[in-house]
Amino acid sequence: LSEQKFELGRNFANKLWNASRFSLMNLDLSSADTDLCVFFKKSNLDMPERWILSRFYSMLNSLNKSIDNYRFNEAANLLYEFIWHEFCDWYIEMAKPHLVNSEKNKDVQIIIYKVLEKTLRCLHPFMPFITEEIWQKLKPGTSIMRQNWPHVQKELIDKKLEKNMQLVIGVITAIRTIKSELHIAEGTRGKVIIVSDAKSAKILKETQGHILSLAKLENLGLSAKAPITKGCISSVVENVQIILQLEGLVDINAELQKIDKEIDKLSQNLSAKEARLKNKEFLKKAPKDIIEKEKISIEETKETLKKLKKITNELQK
């Protein structure tokens, strides 16, 4: 039994506990518990709220099928991915600005409450102790063991919306990746121009506030054509081009020198690895797993070099 399994479980339990604790600190429990269907029909919810409800019920639908077919490991993974990567990493982060002095405060509170309590009910058979402990704080005086299993509300599932939101998440992730590759501090606010068609522009405009907040941007511009600009670096997500303006963020000449050194180092390393794999004695004596690791390492190095050369080409324009 791998020790890593225990570490993954511990980290997930910490993530769940912290997300629940944050939610409870920002919820008015006296008004958050309401009929979700009635609330959904009468409320004009923003895209992130409609998205997390759709994703929960899509996940629940798949979860039911996995459990009905005794695929319990698959079921556990569905819950893990939804809770960690969608509810905690994305929705709660998008919701945070609305939990302070916002007219959307009540709507966001209700969505967090409903998704959290329904998710806890799904998770309880897999993690009975921590879910009971959180439930006692969410609904004092009741036990999660006596609650019904959530039922799928198909009218709240919107696959088109889920796809649209995936574009928004992809754009935010791409901007964060660009910053990381250029060693720009995460909190440093830059300017981005996004080139897209009218359909994608509408989606991005609707979620512009979330992109500015989560990608840590000073300004976000939307354009139908790529502007002629210098000192920029770009990335592509689906049919959208993301252009980050580097003026004031990095010393371009210093960055080019740093990248050139990294390219030289990686190129030498790649040549050595490729030569090793051409050596008949090495191939004869080395264990299969070592050879496989070398092959994987070569592919990863090639991919890194490709990214660095792309950055260099753009910075030199």
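The values are calculated or read from the model by the stated rules, or taken from the named source; none is laboratory data. No experiment lies behind these values; they were computed from the predicted model shown. Quick reminder, even Gly has a Cβ in these numbers, built from the backbone with ideal geometry, and neighbours come from all protein chains shown. Surface accessibility is based on the protein's heavy atoms, side chains included, excluding ligands, DNA and RNA. Shrake-Rupley method; radii C 1.70, N 1.55, O 1.52, S 1.80 Å.
Quick notes
- Environment charge at K106 (Cβ cut-off 12 Å; Lys +1, Arg +1, Asp -1, Glu -1): -3
- Geometric extent, Cα atoms of the chain - Rg, Dmax (angstrom): 23.8, 73
- DSSP loop chymotrypsin sites (Phe, Trp or Tyr not before Pro) with at most 16 other Cβ within 10 Å: longest gap in the chain: 127-317
- The range 191-317, relative contact order [Cα under 8 Å, separation at least 6], %: 27 percent
- Neighbourhood charge, 10 Å Cβ-Cβ cut-off, centred on Q245 and excluding it, Lys, Arg +1 and Asp, Glu -1: 0
- The gain in end-to-end length when the R10 to M47 segment is fully stretched comes to 10.1 nm, 0.36 nm per residue minus the alpha carbon separation.
- Fluctuation leader among I296, I233, I259 - the chain, Gaussian network, Cα springs under 10 angstrom: I296
- Heavy-atom accessible surface of the chain, averaged per residue, reaches 57 Å², computed with a 1.4 Å probe.
- Accessible surface of the chain [probe 1.4 Å, protein heavy atoms]: carbon and sulfur percent: 51 percent
- With at most 15 other Cβ atoms within 10 Å, longest stretch of the chain clear of loop GluC sites (Glu not before Pro) (DSSP): 1-102
- Calculated from the alpha-carbon coordinates, the range 1-116 shows an Rg and a Dmax of 15.6, 51 Å respectively.
- For the residue pairs K15/K65; K216/K293; K114/K225; K154/K216; K179/K288; K160/K295, alpha carbon separations beyond 31 Å are given by K216/K293; K114/K225; K154/K216; K179/K288; K160/K295.
- Each Lys and Arg contributes +1 and each Asp and Glu -1, all at the Cβ; summed about the Cα centre of the range 86-207, the dipole is approximately 260 debye.
- For the chain, adding -39500 (n - 2.57) for each run of n ≥ 4 DSSP H residues and dividing by the number of residues yields -20500 deg cm²/dmol at 222 nm.
- P(r), alpha carbons of the range 254-317 - 5 Å bins starting at zero, rounded %: 3, 17, 24, 18, 13, 10, 8, 5, 2, 0
- Cα gyration tensor shape of the range 94-164, rounded if a/c is under 1.5, else prolate or oblate by comparing a/b with b/c: oblate
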